[in-house]
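Down below is the structure, laid out as structure tokens.
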Amino acid sequence: MHPTWKSFLIEQGAVITDDRVSHFSDPSLERQAAKNDTILVDLSHEAVIAINGEDAQTFLHGQFTNDVKKLDGTNWQLNGYCSPKGRLLASFRLWQQHDRYLLQLPSALRESIQKRLTMFVLRAKAKLTDASDETVRIGIAGMQAAALIEALVESPAPESGDLLQTANVTVLNLRQNQFEILTAPENAIAVWQTLSKGSSKAGADQWDWLAIRAGEPSITLATQEQFVPQMANFEVIGGVSFQKGCYPGQEIVARTQYLGKLKRRMYLANIAADSVVAGDPLFSEELEGQTSGMIVNAAASPDGGFDALAVIQGENIENQAIHFKSLDGPVLHLRLLPYVVP
């Protein structure tokens, strides 16, 4: 986190641990604001890798699950990076900025993913660098978000899936009423103050909760190499292209899509527990004590307990009890995802 920006956030009341804003005031009030109002969030817990060079597009296209060639500077895409066994090592947003590409992912994964990708550059004219401190990343979500973005850029807000690049900011429309803004550290305070005129400050957990409710998974250290993309519904939400060429794990991902029978899928659930974190195991009596799934992401719910994305095994998932952490643990209460899963 840029030191000047960190000092500003602390002056605003931010409680920061490991460059992640946990909250500004009362977390329970912030959760209600995320549900009912418009919130403003620092996204410094997300890192950015820049990929430069004349072969950058070709290199990235051969590494990731989505069609990088469709990026043209006016859009962004969800993408995944798989092991040779087709298991997700990372999930992230990717977009083109002028003559380079920017890849945004959880800070805890940045170093290892950058190192792994660099290993495979070989003779390609592409260079990967940590660009996290080049920008401040800010999120805004809620009914007033689009109007506040339009006041900031003095033009219509980008549509869902699109991005707008101006002289001072880059704006990504992540989904309805939810945007991310990237700007240089020297502009960040002014951007924050403009957006704060119609929103309330909230911690990173509330941003995570919005992604969970949208059914968008984020691979973390606890869940690396646990899921093929389809287990995390990644192909449903536009993170996989089945028309592009090869990439690590592509054969397994394609076989799963066209030939295999997927035994595990990702669901949205609420859990009445004191703490739920990524990687926590799930159990069902049907599997006689063996793990039947895993928590992908979780965040405290404004309605109580924790809302979570969970990959669960079972053909009749709605008709069986899935328990959290043990067969004696709380039962998961399934919620509807905002999209249809095959």
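If a residue has to be in contact with a Phe, Trp or Tyr (Cβ under 9 Å, 6 or more places away or on another chain) and on the phi > 0 side of the Ramachandran plot to count, how many in the range 140-187 make the cut?
1
Take the residues in the range 313-333 that are part of a loop (DSSP other than H, G, I, E, B) and among the aliphatic types (A, V, I, L, M); name whichever of them is surrounded by the most Cβ atoms within 10 Å (Cβ to Cβ). Don't jump to the end; show me each part of the working.
Step one: of the range 313-333, the residues part of a loop (DSSP other than H, G, I, E, B) are 314-316, 320-321, 325-330, 332.
Next, from what is left, pick out any that are among the aliphatic types (A, V, I, L, M): 321, 327, 332.
On the way: 321: 11, 327: 12, 332: 26.
Per the stated criteria, the residue is 332.
Here's the yes/no breakdown for (1) surrounded by 12 or more Cβ atoms within 10 Å (Cβ to Cβ); (2) at pLDDT 95 or above; (3) among the acidic types (Asp, Glu):
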site	(1), (2), (3)
245	no, no, no
257	yes, no, no
267	yes, yes, no
272	yes, yes, no
281	yes, yes, no
307	yes, yes, yes
310	yes, yes, no
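Going through 321, 308, 272, 299 one at a time, which residue ends up being touching a residue at least 24 places away in the same chain (Cβ under 8 Å), touching a helix residue (DSSP H, G or I) at 6+ places or on another chain (Cβ under 9 Å) and over 17 Å from residue 222 (Cβ atoms)?
Details: 308 fails: over 17 Å from residue 222 (Cβ atoms); 272 fails: touching a helix residue (DSSP H, G or I) at 6+ places or on another chain (Cβ under 9 Å); 299 fails: over 17 Å from residue 222 (Cβ atoms).
Step by step, each of 321, 308, 272, 299 is checked, and only 321 is touching a residue at least 24 places away in the same chain (Cβ under 8 Å), touching a helix residue (DSSP H, G or I) at 6+ places or on another chain (Cβ under 9 Å) and over 17 Å from residue 222 (Cβ atoms).
Residue by residue, here is whether (1) buried (at least 22 other Cβ atoms within 10 Å of the Cβ); (2) within 24 Å of residue 340 (Cα to Cα); (3) modelled with pLDDT under 95; (4) not polar (S, T, N, Q) holds:
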| position | (1), (2), (3), (4) |
| --- | --- |
| 199 | no, no, no, no |
| 213 | no, yes, no, yes |
| 219 | yes, yes, no, yes |
| 232 | yes, yes, no, yes |
| 237 | no, yes, no, yes |
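I need the strands (runs of 3 or more DSSP E) fully contained in the range 111-194, keeping only those with at least 2 residues that are at pLDDT 95 or above, surrounded by 15 or more Cβ atoms within 10 Å (Cβ to Cβ) and in contact with an Asp or Glu (Cβ under 7 Å, 6 or more places away or on another chain). So that I can check it myself, show each step before the final result.
Working: elements: 127-130, 136-141, 163-165, 169-175, 178-183.
Correct list: 136-141, 169-175.
Among (1) without any contact (Cβ under 8 Å) to a residue 24 or more places away in the chain; (2) touching a Leu at 6+ places or on another chain (Cβ under 6 Å); (3) basic (Lys, Arg), which single condition is residue 137 missing?
For residue 137, the failing item is (1).
The values are calculated or read from the model by the stated rules, or taken from the named source; none is laboratory data. Please read these numbers as outputs of a predicted model, since none were measured by experiment. We place every Cβ from the backbone using ideal geometry, glycine too, and count neighbours over all the protein chains shown.
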